[in-house]
Structure formats: C-alpha cells, structure tokens
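Below: the structure, in structure tokens.
None of the figures in this text is laboratory data; all of them are computed from the coordinates on show. Here the structure is a predicted model, which means the values were calculated and not measured. Cβ placement follows ideal geometry from the backbone for every residue including glycine, while neighbour counts extend to all protein chains displayed.
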Amino acid sequence: MKRVMLIGKTSCGKTTLCQSLHRDEIRYKKTQAIEFLHDVIDTPGEYVENKSYYRALMVTCVEAQAIMLLQDCTDRDSSFPPGFSAMFGDRPVLGVVTKTDLAKDDACLLHAEKLLRNAGAHRVFLSSAVNGMGIDALRSIWNSCD
C-alpha cells in the first residue's frame, strides 16, 4: 500500500476520511501538525490555506507516493489554485469530494469536482464517511497502488 498525503482546507474531512479508510471509529480530531500514520500523511488545513506553508507540503510530499486533494462539497470556494498539483512532480494526484451526504443537489458535487480538476486531480471520487459512499472504491484504489 502506498503512503498517501491528504491535503485540503480545515474541516474538509481529511482525518475523517483517514478514519473511514482504516475502518476506525469516526471521531473529530483537529490535526495541529503534519501527522505520519502508517500509510497516510495527514496535513493540517492551514497548510493549504496559507501559501507560506506550501514549502512544507512540497518537502513532506517526498514521503508520499500519491496525493489526495479533498474538497468539501458544501464549500463553494477552493483553496487550491489552478494547477496546484504540479508542485508534487510526477506523483499521482486524486481528488476526493467529501461530505456528499450534505450536498443540496448535484450542482454542488459537480462544482466540487470541477475545483479539484482545476487543481490538477487526475481522477475524482465522491465520498461520505456518514453513509460510506465511495469509501470502498477509495480503499480499493489505495490498496492497488503498491
């Protein structure tokens, strides 16, 4: 299994996604610093929200074989500039639309997907830790990336 680095705004669901993928109990936990778990690098949202932290993301990605950019479907704004994924070199970049169970309509999901594609995500997955949508597909992709 590859080590994957999760990147996204504060409260977009990075830690929750990690807990879901590992079949752990879902519990809120604010990530204060970059955390190296077995196969995940969980990053604080502030690292993408503040451009001065981009260097830390670039340095940390050396430890990852793949990148997951997360976008909360209820958030109309993105903190990923166009082409954001280019800073990670040739690492595969996946997009994950989170909190799909809270989407008002399909337009919210399409907008979130568009934001992730503009940031450079090669593939985009829809997910929800609440109802399990997309978790098995992400787990399968993750496990097949050896």
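Cross-link partners of residue 99 among lysines, defined as those whose alpha carbon lies under 19 angstrom from its own and excluding same-chain residues fewer than eight positions apart: 9, 14, 29, 30, 114. How much of the DSSP bridge set in the chain is antiparallel, in percent, rounded to the nearest 5? Bridges in the chain are about 10 percent antiparallel. Amide H contacts for residue 41 (H built 1.01 Å from N in the peptide plane; partners 5 or more residues away or on another chain; cut-off under 5 Å): 4, 5, 6.
List the residue ranges in the chain for DSSP H helices whose C-alpha atoms run 18 angstrom or more along the long axis and whose Kyte-Doolittle average is 1.6 or above. It would help to have the intermediate numbers written out before the result.
Working: long enough: 106-119 (20 Å, 0.07).
Helices meeting the criterion: none.
Put simply, the amide H of residue 124, placed in the peptide plane, has neighbours under 5 Å in 95, leaving out anything fewer than 5 places away on its chain. Structural descriptor for segment 4-143: relative contact order 24 percent, calculated from alpha carbon pairs under 8 angstrom and at least 6 residues apart.
By the gyration tensor of its Cα atoms, with a ≥ b ≥ c the square roots of the eigenvalues, what is the shape of segment 1-109: rounded for a/c under 1.5, prolate for a/b over b/c, or oblate? Walk me through the intermediate numbers first.
Numbers: a/c = 1.55, a/b = 1.18, b/c = 1.32.
Oblate, since a/c reaches 1.5 and b/c is not below a/b.
Among 7, 141, 67, 26, which comes first, then next, by fewest other beta-carbon atoms within 10 Å? Intermediate results must be reported in sequence, preceding the final value.
Numbers: 7 28, 141 17, 67 25, 26 12.
Neighbour counts put them in this order, fewest first: 26, 141, 67, 7.
Cβ crowding within 10 Å ranks 11, 79 as 11, 79, fewest other Cβ atoms first.
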